[in-house]
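Bear in mind these aren't lab numbers, they're just calculated from the coordinates by the rules spelled out. Small disclaimer: the values here were computed from a predicted structure and weren't measured. Cβ placement follows ideal geometry from the backbone for every residue including glycine, while neighbour counts extend to all protein chains displayed.
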Amino acid sequence: MAYAPTAPLIVSGGRVIDPGAGLDTLADILIEDGKVAWIGSSGARPPAPENCRILDARGLVVSPGFIDLHCHLREPGFEHKETVATGTLAAAKGGFTSVCAMPNTDPVMDNGEVVDYVLKKTREGAKVRVFPIGSISKKEQGKELSEIGELIDAGVVALSDDGMPVADSSLMRHAMEYGAHYGLMLIEHCEDPSLSHGASMNEGVLSARLGIKGMPAAAEEAIVARDIALAELTGARLHIAHVSTAGSVELIRAAKAKGIRVTAEVTPHHLTLTEDRVLGPRHGLIGINYQESKSGMAFSYDTTAKVNPPLRTKKDVEALVAALNDGVIDVIATDHAPHSIEDKQCEFELAAFGISGLETALGSLMTLVHSGKLPLAILIEKLTLGPAMLLGAVTKGAEDRAVAKSQVQYSSPLVPKAIGTLQIGSPADLVVFDPDREWTVDPGEFVSKGKNTPLAGCVLKGQVIATVVAGEVVYQDNSMTTE
Amino acid sequence: MAELDLYTNTVDVSTDISTTIDKALRSKHLLDVDELTTEELELFFSTADAMKEVLSREVKKVPTLRGRTVVTLFYEASTRTRVSFEIAAKVLSADTINIASNTSSVVKGESFVDTIRTISAMGVDCIVLRHSMAGAPYLAAQHTEASIINAGDGWHAHPTQALLDAYTIREKLGRLDGIKVAIVGDILHSRVARSNVWALSTMGAKVVLCGPPTLLPGAWRDYKKDIADEGDTLVLPRDVEVEEDLERALEDADVVMALRLQKERQESGLLPSLRDYIRYYQITPERLAKAKPFAIVMHPGPVNEGVEISPLVARSSESVIEEQVRNGTSIRMAVLYLLLGGGP
């Protein structure tokens, strides 16, 4: 995106929640030159500058823009599924002001040129900031290391073979040695392929019932355990992508307690859906209301619920929510995985894995807040400060600084300092949302090319009203009034 | 009440074997047996009784489904199921068209959904579908106005096999309620076992599943039916047991059902050897002696004689394997009749 100088903007009268600054108060925010120029109570606000737009946020929540550590923009190579332009449009609509793009494109982002191409597409048509992630291995084949030095020069924020685990333990060790050398974070999709081969859902009583080969929780946990051991061996920064089992949470908890440099993320769908969702749209929803569709019957083997790692059990969901509350899980990331209709409208075993998640993230996560399972401040922290810290954009308050410093050695020059928080001088990346507004998910209204959602017909409570990146309003709901 | 009009035009109406249909099935598809009620299962059985009478006639033809088109769409090799459906449809005077995946546009890369839509657009009334992947019939049902009959989908279900098995037991033993059925062999990969547990337990039978540890769904072994929350989807009927000990499984069984063991299971590391399987899990006369006197022996076929079942047992007087095949046609006639023509 082009960060052209924007007119001054005042976001007025909202409840500003910024975990990075420890803030939860009614305040006005004055934005000038794309940065936060002033923040404080309405009464004390300096007079509005000339040509200033005012965004009326009364009754709404204002927070730093969400940062998605894990999303698939599909460009280059799979433009029929998503592009940088459409994916970032969806991000803006979902309240995300920065997204990290996974490298499983075609060609794979395993060298500087592909990263340059994505950054060119970003300059030409992205609505929000895009931070590329380079692959760990060439073509994500798990055989040879990617051009790691060149990827860093090109600006990648992390390395990952997401979509594929790094099956070869020795290669992962070497990748971590490189990672430790540069201080770069390695993001692992934890799945032992010999245990998950041919599997399409969680292994358990339900997969046995449906006659579908399942992935046991152990397929994830075996690699989580292996990678923790390798992180200890190499001193590398390990980030566990989309944690989905209670067992993984326990492994990460123990590793953190030992001081191993491991962090973790969880997706909105693993926090709000169970494997039962495969049985149809009324099943497997935790705290989400489904409005009966009048058209057509509901059938099981619903491919919109096919995702990797798979939706798990209630016990796993409860452990994941608890891990957000007690800090074992650092980040909520969408794993936005858009697919075309043909990729999903087929036999369950043939269907592509993935959920188009950017536009439903906030609404589904707010069910955790409304049901009292997760404080709003923690939810916002996991979407803002958490990922910002892992990207090296912010270090938390002084008391935590020692820890934060050891966690973060590398920060890509593409990542502006102090995103993920709203302090004077930080980039004016923010989201305005209505925590109580109800809306019904209609994939036909998605701006993402990926209409693949397990939430079609669900009534969510919590909707993004406006998204601002570097002072520019990149998304605005019809109801938003500006002067 | 609608009279079962099998007899019009062709044969004398013989009142002592005619039946009446005062209930209809709730679904126009037969995708699985787990949602069928006792009444619906009884309806299949009583209709099959009438069909069996038709098959015993010299002229095995009734006009019931004249003008209806039944397509058998098979993505997996099959002899008995496909032929059985075809005979059933032909006896009922339906027009039949057989499509096997190797001869259709499937080999040209047409998607399954497109194939279903294309066949439907030609105005067929029923698609009998065999597919190697679980759930394919559910996908088909979303894209067609025709009735879908699941003739086997992956490891998931084989409803007409379960119906004909239950029908055969009911015929041989006079009841299903209260009997013990031991199903032995490769439970994990068996759509026959998965459908039989529902049909049999709905009719009041107790089912015991037995096989080597690698061929039993591990999660079912530990499934505590009593802790399933009210309203949770029941993934295994409450009166089904998983038992690794073959002797205990066979003890006092009224029915012993052996399942086909595919040789690939050994190759993929699930079994130490075929010899090991034969030694510890083959249904032999000695093992059968654990079951009740006059227990019947079943097998969905095709049989690997000398592997999952000893030839002595397969060809013994206890064996009803051929009767299962015979009843298959009656049951499939009943299914076609009830889905396409029957009911008020």
Separation between Cα centres of the stretch A:409-455 and the stretch A:295-355, rounded to whole Å: 20
Dipole of the protein assembly as shown, positive end: most advanced residue of B:Ser120, A:Gly363, A:Val205 [Cβ charges, Cα centre]: B:Ser120
Dipole in debye (nearest 20) - the protein assembly as shown, about Cα centre, beta carbon charges: Lys, Arg +1; Asp, Glu -1: 420
Å³ per residue enclosed by the Cα convex hull of chain B: 147
Using alpha-carbon coordinates, inclination of helix B:38-55 to the longest axis of chain B, degrees: 70
Within the stretch A:65-407: Cβ-based charge dipole about Cα centre, in debye rounded to nearest 20 (Lys, Arg +1; Asp, Glu -1): 860
Reachable aspartates and glutamates, given that their alpha-carbon falls under 16 Å from the alpha-carbon of B:Lys290 and they are not under 8 places away in the same chain: B:Glu243, B:Glu244, B:Asp245, B:Glu247, B:Glu251, B:Asp252, B:Asp254, B:Glu318
24 Å Cα-Cα reach of B:Lys52 towards lysines, excluding residues that sit fewer than 8 places from it in its own chain: B:Lys23, B:Lys28, B:Lys60, B:Lys61, B:Lys90, B:Lys172
Between the stretch B:161-177 and the stretch A:148-178, the Cα center-to-center distance that results, in Å: 60
Global geometry of the stretch A:65-407, whether rounded, prolate or oblate, following the gyration tensor of its Cα atoms and the 1.5 cut on a/c: rounded
For residues of A:212-218, the mean tally of beta carbons on other chains within 10 Å: 2
Potential lengthening between B:Glu323 and B:Ser93 on full extension [0.36 nm per residue; Cα-Cα distance subtracted]: 80.4 nm
Which of B:Leu41, A:Thr122, B:Leu270, positive extreme of dipole for the protein assembly as shown (C-beta unit charges): B:Leu41
Rel. contact order, % - alpha carbon contacts under 8 angstrom, at least six apart, chain B: 20
The stretch A:2-81-the stretch A:211-286 distance, computed between alpha-carbon centres (Å): 33
Radius 12 Å from Cβ of A:Leu324, net charge of other residues (Lys, Arg +1; Asp, Glu -1): -3
Shape of the stretch B:159-321, Cα gyration tensor, a/c cut at 1.5: oblate
Added length on full extension, which subtracts the Cα-Cα distance from 0.36 nm per residue, A:Arg282 to A:Glu232: 13.6 nm
Within the protein assembly as shown, percent of DSSP bridges classed antiparallel, to nearest 5: 35
Sorted peptide list for A:61-71, A:383-393, B:322-332, criterion being average Cβ within 10 angstrom, highest first: A:61-71, A:383-393, B:322-332
Contact order normalised by residue count of the stretch B:159-321, Cα under 8 Å, 6+ apart, percent: 23
Helix B:80-91 axis, angle to chain B major axis (alpha carbon atoms, nearest 10°): 30
